[in-house]
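Participant: First, the structure itself, so that you have it in front of you.
Read-outs: derived from the displayed coordinates by stated rules, not from any lab. Fair warning: this is a prediction, and the values are worked out from it, not measured in the lab. All Cβ positions, glycine included, derive from the backbone under ideal geometry; neighbour counts span all protein chains shown.
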Amino acid sequence: MANSTRTPLLSQSNSDDSSQSHHLEGHLPSLDSTIENCIGKFGWAQFLQAIVVSFAWFFDAQQTFISVFADAEPMWHCNSRIRLSNNSCNPISDHCHLPRDSWAWDLPEHTSTISEWGLQCAGSIMTGMPASAFFMGCLIGGLVLATLADSLLGRKKMLSLTCLAMAMSTFLTAFATNLWTYSVLRLISGFGRATIGTCALVLSTELVGKQWRGQVGVIGFFCFTLGFLSLPALAYLNIGSSWRNLYVWTSIPTILYSLVVHFFVLESPRWLFINGRKEEAVGTLKTMAEANHESLTMSFSNLPFEKETWNVDLYSAIKILLEKKWALRRLLAVMAIGFGVGLVYYGMPLALGNLTFNLYLSVTFNALSELPASLITFLFVGKLNRRTSIMVYTMLSGICSIMSVVKGVRIYKTLQMGLELVSFFSACSAFNILLIFTIELFPTCVRNSAVSMVRQALVLGGVFSPVLAAAGRGDGFVSYGVFGVVIMCFGLFVVCLPETRGGAICDTMDEEEYKDKTTVGCGSTYDV
């Protein structure tokens with residue numbers, strides 16, 4: 001936190017850093033430098049706020065991958081009590097071509113949607129429908145809700161409301177009576193979930209200075225991993241019980257969490273300033289200072305703040321991104337990368353049932369692989385070049401994904417699982433760095449919308465993942481092979497983006513343009 005003797009909002013800084021970033025004709029000092037003086041150091045108040053906000057990723061992960069267990073096809077066995085004259089039942093038989101009374105599920109029918117509703121022979125489109133509906137809901141929700149956190153509602157309200165919407169629809173999912181009702185409720189759940197990760201990431205990083213921005217962003221990734229890890233534990237405890245219990249157990253804590261966010265989390269002071277709510281912004285900074293036993297002397301009249309020149313209303317952030325050619329080029333590039341990464345990131349866990357490993361162990365190993373990915377990002381985010389890292393991770397993920405389904409590799413089950421884990425680990429690392437990269441590429445006035453659009457690209461990959469995972473039961477290359485080719489091809493779009501490591505984040509489009517024009521060695525040309 002700032003030293004108590006400093007008065008960052010009373011006067012402008014005369015430092016070299018200040019002069020380098022502020023002097024464009026008619027251009028006022030950056031809001032970023034002003035807030036940096038207040039929250040540049042990392043205090044306990046900011047840390048606790050970041051932890052609470054980032055924990056939204058825990059519930060996000062649960063709903064993203066819950067179908068791995070709820071919609072899993074259970075093991076079956078031949079019914080020895082039935083003697084067949086013309087049909088022979090054995091473990092390698094296709095039970096879809098056997099009389100129903102000749103075989104039985106190993107567990108009670110209500111343990112999975114597949115067995116309860118008799119979907120074992122319905123085909124990949126039908127069995128993958130609930131998971132695809134969830135990701136389709138995420139896609140629609142992201143497009144509809146993308147700019148509300150930048151314009152009307154703000155980060156905090158958006159996070160609280162979307163968590164509550166996801167939780168309520170998840171709870172109702174436990175009472176679904178058929179595949180169609182179930183898919184609709186999953187779509188609604190995905191709609192509510194669409195902006196949770198985005199709001200949590202943006203809000204947590206805007207509560208701290210740039211020195212801690214990357215590390216705070218990674219906290220959410222750790223929470224996502226914990227949420228992913230909680231699923232095999234919950235599913236294991238639920239063995240033999242109804243799949244509906246999983247939805248109940250994951251919805252109630254989410255409802256309580258949304259109330260915690262509403263009553264205890266602070267709104268982003270950056271967003272408040274950008275929207276002209278100076279008094280609330282200064283009040284938030286004072287609250288943070290008091291919690292850290294600091295004091296700040298505030299003045300409302302001499303705030304060195306330039307309000308965004310565009311009329312920011314609903315969906316205007318997307319319009320701004322489309323009108324500025326440099327912003328559109330950046331957005332399309334990161335969205336292309338996001339689609340490739342999302343296809344692998346969401347698809348590999350859903351396709352684990354195609355491997356010969358135990359499903360609970362496979363999911364646990366994949367979830368655990370996110371921990372080193374998040375840890376590496378946390379420790380080295382300040383030293384890693386964004387472009388190089390994304391390029392390396394996407395290439396490595398693609399190569400390992402393809403190699404895992406090479407004919408000779410399939411014989412060695414441990415090697416196949418190892419290659420799959422390396423591929424998923426690389427996709428996780430690329431996922432983490434891509435989101436941080438996107439935060440740094442766009443200014444505050446459109447940052448939440450830009451990150452939302454990138455997440456929609458990630459989710460669009462997720463829409464196709466369940467179908468590819470189901471189709472891969474017959475031919476592994478249809479899933480893992482396609483995953484590898486796509487992530488390598490789309491990862492190449494990173495060459496179209498500027499490097500952002502170590503740079504300050506801007507708050508308006510004018511500041512972002514001016515910063516890039518004055519950056520040494522930058523060859524960007526803006527069409528404004």
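Participant: Among 450-457, 437-444, 271-278, how do they line up by average Cβ neighbours within 10 Å per residue, starting with the highest?
Facilitator: Top to bottom by mean Cβ count within 10 Å: 450-457, 437-444, 271-278.
Participant: How long are the semi-axes of the equivalent ellipsoid of region 181-229, taking √(5λ) for every eigenvalue λ of the Cα gyration tensor, in whole Å from largest down?
Facilitator: Over the Cα atoms of region 181-229, the ellipsoid semi-axes are 28, 13, 4 Å.
Participant: Would you kindly calculate the translational diffusion coefficient of region 458-514, applying Stokes-Einstein with the Kirkwood radius from alpha carbon pairs, for 37 °C and a viscosity of 0.692 mPa s, and quote it in µm² s⁻¹ without decimals? Intermediate results must be reported in sequence, preceding the final value.
Facilitator: Values: Rh = 14.5 Å.
It comes out at roughly 227 µm²/s.
Participant: Moving on to the next point. Would you mind calculating the gained length between residue 392 and residue 248 on full extension (0.36 nm times residue separation, minus the Cα-Cα distance), in nm to one decimal? Before the final figure, lay out the partial values.
Facilitator: Working: separation 144, 0.36 × 144 = 51.84 nm, distance 4.03 nm.
Between residue 392 and residue 248, full extension yields an extra 47.8 nm.
Participant: Using the Kirkwood radius over Cα pairs, work out the Stokes-Einstein diffusion coefficient for region 128-255 at 4 °C and 1.567 mPa s, in µm²/s as a whole number.
Facilitator: 83
Participant: I'd like to compare 459-466, 95-102: which one has the highest average count of other Cβ atoms within 10 Å, and what's the full order after that?
Facilitator: Working: 459-466: 24.2, 95-102: 12.8.
Result, highest mean first: 459-466, 95-102.
Participant: Follow-up question, since we're still on this one. Of the listed peptides 196-204, 374-382, what is their order by residue-averaged count of other C-beta atoms within 10 Å, with the highest listed first?
Facilitator: 196-204, 374-382
Participant: Could you check the spin-label model distance between residue 47 and residue 263? Points 7 Å from the Cα along Cα→Cβ, value in nm.
Facilitator: 2.5
Participant: Would you mind checking which residues have amide H under 5 Å from residue 103's amide H? H placed 1.01 Å from N; only 5 or more apart, or other chain.
Facilitator: Those qualifying (amide H under 5 Å, at least 5 residues apart or on another chain) are 79.
Participant: Next up: For region 189-197, just list the computed ³J(HN,Hα) in residue order, Karplus coefficients 6.51, -1.76 and 1.60, θ = phi - 60°, integers in Hz, with x standing in for Gly and Pro.
Facilitator: 4, x, 4, x, 6, 3, 10, 4, x
Participant: Shifting gears a bit: For region 374-483, evaluate the Debye formula with one uniform point scatterer on each Cα (no solvent term) and list log10 I(q)/I(0) at q = 0.12, 0.23, 0.24 Å⁻¹, rounded to two decimals.
Facilitator: At q = 0.12, 0.23, 0.24 Å⁻¹ the computed log10 ratios are -0.51, -1.24, -1.29.
Participant: Using R₀ = 41 Å, calculate the FRET efficiency as 1/(1 + (r/R₀)^6) where r is the Cβ-Cβ separation of residue 277 and residue 122; round to 0.05.
Facilitator: After rounding to 0.05, the efficiency reads 0.20.
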